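Report on the structure given below.
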Protein chains: 2
Amino acid sequence: MRISELSDRTGVTIPTLKYYLREGLLHAGEAQSATRAVYDDSHVERVRLVRTLIDVGRLSIERVREVVDALEHPPPSRHQLLGVVHEALRPHPAPEPPTTEAVDRVRALGAPGCDESLASTQLAQALSAAAAGGWVVEDATLRVWQRAMHAVAETDVAEELGSIAPADALRHAIVGTVLTDPVLLALRRVAQEALSAERFGSADPEDGVT
Amino acid sequence: MRISELSDRTGVTIPTLKYYLREGLLHAGEAQSATRAVYDDSHVERVRLVRTLIDVGRLSIERVREVVDALEHPPPSRHQLLGVVHEALRPHPAPEPPTTEAVDRVRALGAPGCDESLASTQLAQALSAAAAGGWVVEDATLRVWQRAMHAVAETDVAEELGSIAPADALRHAIVGTVLTDPVLLALRRVAQEALSAERFGSADPEDGVT
DNA sequence: AATTTTGGAGAGTCATACTATCCAAAGTCA
DNA sequence: TGACTTTGGATAGTATGACTCTCCAAAATT
């Protein structure tokens, strides 16, 4: 297919596709002459991936380029896969380095240290930021959350890592993370509303006085 | 205190503070003369809130303004509080409207319909986006996640809604949500890495073939 | 032959979030 | 008292990111 058809099939304008080509987010089509190149399903899929990362994951163009570069050099070993995923989706811009107190709490949870694991670093940074913002997360609360997210991660690892090729596993894991993080946060909110309604009946006219 | 001290205490430059004043993110100090105004702890606290919303929550200036406006008109009724919080922190820019299929799935979970609840709308939109991105969330998986996030929400509602004044409860809930969402996502990643290491031992040299 | 499309390159646009400059009045300190 | 600094307020400028537009000449289509 030509670029106009790629545009039609993805809903992305031709100038934007050209921009993605320039920026290295989209691999070049097969050149047939100086003014003709042909694109295929891999391009359609790539454009959709890029749009998902940008629209849902709110990744910058630069970060998307890192993701597609990683896709073209998938890790040979399955146990490195999540590391690559988590690196690709790490928050931007980089948060402050964590306090030692936060690092200790992460270790106390039984997670690997920040030197070994990017996810541990992110957790320590998130806990630091919470503390800096004046929010205290009790140890008991943290452990409840840990158990809850462990249950979530079991479905992730079960689903994500079937015996498929590394590049597919990587794309699957990245897309899955980007698309399901918002689902989890929305589920939290739905549950909050349910519990709130349960406790302060939704038609209580006398609420709110102090 | 004068603006220079406010700047020193918050780490935000004077030009930026003036910008926040202009944009209505920061309430004016008490004017003492044409060229003198005095700021107090409420200003320090507000600046810190604004920075948290911007740096951690990645909210736009416009959205931050909505949040501070809401803080100055807190909902009289406690059961409306979460609605205000969720509206203030809704994703930006607005996602596509959800498919009817996604809306049905949300209702099947026992959550209120999208007409009644912003969180339900967000969930339906997140599920729609996942489906559009080619990601299938099994019903069984979704229920596991729902239970997990319900456990999380119990700690939220318990902590968030002590018997404090509406404005404080609102600020507390907003800051808590912004600061703890990243903690949850990081916990998910940590758990993923732990499970992945458990299943594909972290020093297995024969992984990756196929 | 006339028209349309393409690849490629460069410049232009738009929004967001600051930063910088200016000013005159007001305060501070020697 | 008088030089120096700070302030509030207004206006203009900058940096970045993500496109979007314009041009061109060589194909390709009609």
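The values are calculated or read from the model by the stated rules, or taken from the named source; none is laboratory data. Quantities reported herein were computed from a predicted structural model and do not represent experimental measurements. Here the Cβ is made from the backbone with ideal geometry for all residues, glycine too, and neighbour counts use every protein chain on show. SASA here: full protein model, heavy atoms, side chains in, ligands and nucleic acids out. Shrake-Rupley method; radii C 1.70, N 1.55, O 1.52, S 1.80 Å.
If you check residue A:72 against the conditions, is it within 14 Å of chain B (Cβ to nearest Cβ), under 23 Å from the mean Cα position of the chain (by Cα), away from DNA strand D (no atom under 12 Å from the Cβ) and among the charged types (D, E, K, R)? First the steps, then the outcome.
Details: within 14 Å of chain B (Cβ to nearest Cβ): no; under 23 Å from the mean Cα position of the chain (by Cα): yes; away from DNA strand D (no atom under 12 Å from the Cβ): yes; among the charged types (D, E, K, R): yes.
Taking the combined requirement at face value, the residue does not satisfy it.
Can you tell me which of B:53, B:26, B:59 is within 22 Å of residue B:167 (Cα to Cα), surrounded by 14 or more Cβ atoms within 10 Å (Cβ to Cβ), modelled with pLDDT of 95 or more and within 16 Å of DNA strand D (Cβ to nearest atom)? Reasoning before the result, please.
On the way: B:53 fails: within 16 Å of DNA strand D (Cβ to nearest atom); B:59 fails: within 16 Å of DNA strand D (Cβ to nearest atom).
Exactly one residue qualifies, and that residue is B:26.
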Index of the failed condition, residue B:116 passing every other in (1) out of contact with any Leu (no Cβ under 6 Å at 6 or more places or on another chain); (2) in contact (Cβ under 8 Å) with a residue 12 or more places away in the chain: (2)
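With respect to residue A:96, is the statement that it is within 16 Å of DNA strand C (Cβ to nearest atom), open to solvent by 30 Å² or more (accessible area, probe 1.4 Å) and not in a helix (DSSP H, G or I) true?
Details: within 16 Å of DNA strand C (Cβ to nearest atom): yes; open to solvent by 30 Å² or more (accessible area, probe 1.4 Å): yes; not in a helix (DSSP H, G or I): yes.
In short, yes.
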In the stretch B:149-188, the residues that are open to solvent by 10 Å² or more (accessible area, probe 1.4 Å), more than 15 Å from the chain's Cα centre (by Cα) and within 8 Å of chain A (Cβ to nearest Cβ): B:150, B:151, B:154, B:155, B:159, B:161, B:163, B:165, B:166
Taking the stretch B:4-39, which residues are among the hydrophobic types (A, V, I, L, M, F, W, C), within 12 Å of DNA strand C (Cβ to nearest atom) and part of a helix (DSSP H, G or I)? B:14, B:17, B:21
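Name every residue in the stretch A:138-148 that is open to solvent by 70 Å² or more (accessible area, probe 1.4 Å) and either under 22 Å from residue A:177 (Cβ atoms) or not basic (Lys, Arg) (or both), in order of residue number.
From the stretch A:138-148, those open to solvent by 70 Å² or more (accessible area, probe 1.4 Å) are A:138-139, A:143, A:147; that's our starting set.
Scanning the stretch A:138-148 gives A:138, A:139, A:147.
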Suppose we filter the stretch A:31-50 for residues that are within 12 Å of DNA strand D (Cβ to nearest atom), loosely packed, with under 14 Cβ neighbours inside 10 Å and not hydroxyl-bearing (Ser, Thr, Tyr); how many remain? 4
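Please go through the stretch B:62-92 and give me each residue that is assigned to a helix (DSSP H, G or I), more than 16 Å from DNA strand C (Cβ to nearest atom) and open to solvent by 70 Å² or more (accessible area, probe 1.4 Å), ordered by number. Explain how you work it out, then say what you get.
Restricting attention to the stretch B:62-92, the residues satisfying the condition of being assigned to a helix (DSSP H, G or I) are B:62-72, B:78-88.
With more than 16 Å from DNA strand C (Cβ to nearest atom) added as a condition, the list becomes B:70-72, B:78-87.
Those that are assigned to a helix (DSSP H, G or I), more than 16 Å from DNA strand C (Cβ to nearest atom) and open to solvent by 70 Å² or more (accessible area, probe 1.4 Å): B:72, B:80, B:87.
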Single condition residue A:120 does not satisfy, out of (1) hydroxyl-bearing (Ser, Thr, Tyr); (2) open to solvent by 20 Å² or more (accessible area, probe 1.4 Å); (3) within 11 Å of another protein chain (Cβ to nearest Cβ): (2)
